[in-house]
1. Does the stretch 136-149 contain at least one residue that is within 18 Å of residue 30 (Cβ to Cβ), touching a helix residue (DSSP H, G or I) at 6+ places or on another chain (Cβ under 8 Å) and assigned to a helix (DSSP H, G or I)?
2. Here's a check for you: in the stretch 31-54, which residue that is open to solvent by less than 30 Å² (accessible area, probe 1.4 Å) and not β-branched (Val, Ile, Thr) is farthest from the chain's Cα centre (by Cα)?
3. Being closer than 14 Å to residue 28 by Cβ, surrounded by fewer than 16 Cβ atoms within 10 Å (Cβ to Cβ) and not β-branched (Val, Ile, Thr), is that true of even one residue in the stretch 101-117?
4. What about residue 136, is it hydrophobic (A, V, I, L, M, F, W, C), surrounded by fewer than 21 Cβ atoms within 10 Å (Cβ to Cβ) and modelled with pLDDT of 90 or more?
5. Mind listing just one residue for me: the one in the stretch 55-87 that is open to solvent by 60 Å² or more (accessible area, probe 1.4 Å) and of a type in the set (Phe, Trp, Tyr) and, of those, nearest to residue 140 (Cα to Cα)?
6. Looking at residue 66 and the list (1) modelled with pLDDT of 95 or more; (2) assigned to a helix (DSSP H, G or I); (3) over 14 Å from the mean Cα position of the chain (by Cα), which single condition is not satisfied?
7. What tally of residues in the stretch 164-214 results from selecting those that are open to solvent by 20 Å² or more (accessible area, probe 1.4 Å), of a type in the set (Val, Ile, Thr) and in contact (Cβ under 8 Å) with a residue 60 or more places away in the chain?
8. When the stretch 40-56 is examined, which residues are found to be in a loop (DSSP other than H, G, I, E, B) and within 22 Å of residue 125 (Cα to Cα)?
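The values are calculated or read from the model by the stated rules, or taken from the named source; none is laboratory data. Note that the coordinates shown come from a computational prediction; the quantities given were computed from them, not determined experimentally. FYI the Cβ positions are ideal-geometry reconstructions off the backbone, even for glycines, and counts take in every protein chain you see. For accessibility, only protein heavy atoms count, side chains too; no ligands or nucleic acids. Shrake-Rupley method; radii C 1.70, N 1.55, O 1.52, S 1.80 Å.
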Amino acid sequence: MILVVVLTGILTHFLPFSSFFRNVDTLVHELSHALVTLALSGKVNVIHLYWDQSGVTMSSFTRNWMSIPISLAGYIGSALFALLLFSLYVKRYERAGLIVVTLLATVAAILFVRNGYGILWCVGFAAVSALVAYLAPPWLRNGYYMLIAFICLVESVVSPFIILFVSLYNPNSAGDAANLAHATHVPALIWSLVFAAISLLCARFSTALLFKRGLGKEQKTITL
């Protein structure tokens with residue numbers, strides 16, 4: 001699992017326009033905050049996405065305890081989404097996965113994202129993903145899908161460890177972990193470790209699904 005994450009992380013960072021696609025994980029992270037906010041009857045005021053793969057969700061809610069599940073949702077949602085993409089991959093539902101990411105970007109642009117770069121990114125990403133899903137040949141569609149899946153996997157693992165590192169020397173700047181620390185009085189370092197553990201667990205299942213599809217092909221060849 002570690003080898004897969006490290007190698008794909010290196011490869012995706014050297015690919016042309018990889019920084020553009022890495023905002024997929026940011027989008028999922030911020031939409032996870034928004035979804036839980038709405039589920040708790042809160043209000044999502046605005047989402048901003050930035051060129052450096054950072055983002056922010058501004059929301060309003062009535063009770064202080066609501067900040068706990070809302071803050072938990074970002075990194076956990078990203079990890080689960082990467083797992084979802086690999087689950088669709090093992091079932092050969094790549095087109096369905098591209099439709100999902102297209103819809104997420106489209107809904108975000110219409111309802112939540114309000115800064116210039118964020119809107120342009122959502123529209124551009126949705127357009128490219130829709131074209132690939134419906135017009136590209138299978139090899140290109142599957143390759144594009146795997147690019148998105150691996151980027152989501154890598155970013156879902158790397159981001160919690162960045163927060164973990166930040167929480168060691170500046171806990172108040174540790175993003176969601178800092179928010180959770182303020183709400184629960186449990187140190188940001190502990191919450192960062194929770195995020196890292198969940199991301200690694202989901203990455204383990206994701207890589208297992210990746211090899212499961214590969215083994216399935218090999219077994220089919222042997223049977224024939």
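1. First, pick out the residues of the stretch 136-149 that are within 18 Å of residue 30 (Cβ to Cβ): 148.
Now restrict to residues that are touching a helix residue (DSSP H, G or I) at 6+ places or on another chain (Cβ under 8 Å): 148.
Restricting the remaining residues to those that are assigned to a helix (DSSP H, G or I) gives 148.
Checking the stretch 136-149: at least one residue is within 18 Å of residue 30 (Cβ to Cβ), touching a helix residue (DSSP H, G or I) at 6+ places or on another chain (Cβ under 8 Å) and assigned to a helix (DSSP H, G or I).
2. My answer is 42.
3. Yes, the stretch 101-117 contains a residue that is closer than 14 Å to residue 28 by Cβ, surrounded by fewer than 16 Cβ atoms within 10 Å (Cβ to Cβ) and not β-branched (Val, Ile, Thr).
4. Criteria met by residue 136.
5. Filtering the stretch 55-87 down to residues open to solvent by 60 Å² or more (accessible area, probe 1.4 Å) leaves 58, 61-65, 80, 84.
Checking which are of a type in the set (Phe, Trp, Tyr) leaves us with 61, 65.
Numbers: 61: 43, 65: 46 Å.
Among them, the one singled out is 61.
6. Exception for residue 66: condition (1).
7. Total meeting the criteria: 2.
8. Let us first name the residues in the stretch 40-56 that are in a loop (DSSP other than H, G, I, E, B), namely 40-42, 50-54.
Those that are in a loop (DSSP other than H, G, I, E, B) and within 22 Å of residue 125 (Cα to Cα): 50, 51, 52, 53, 54.
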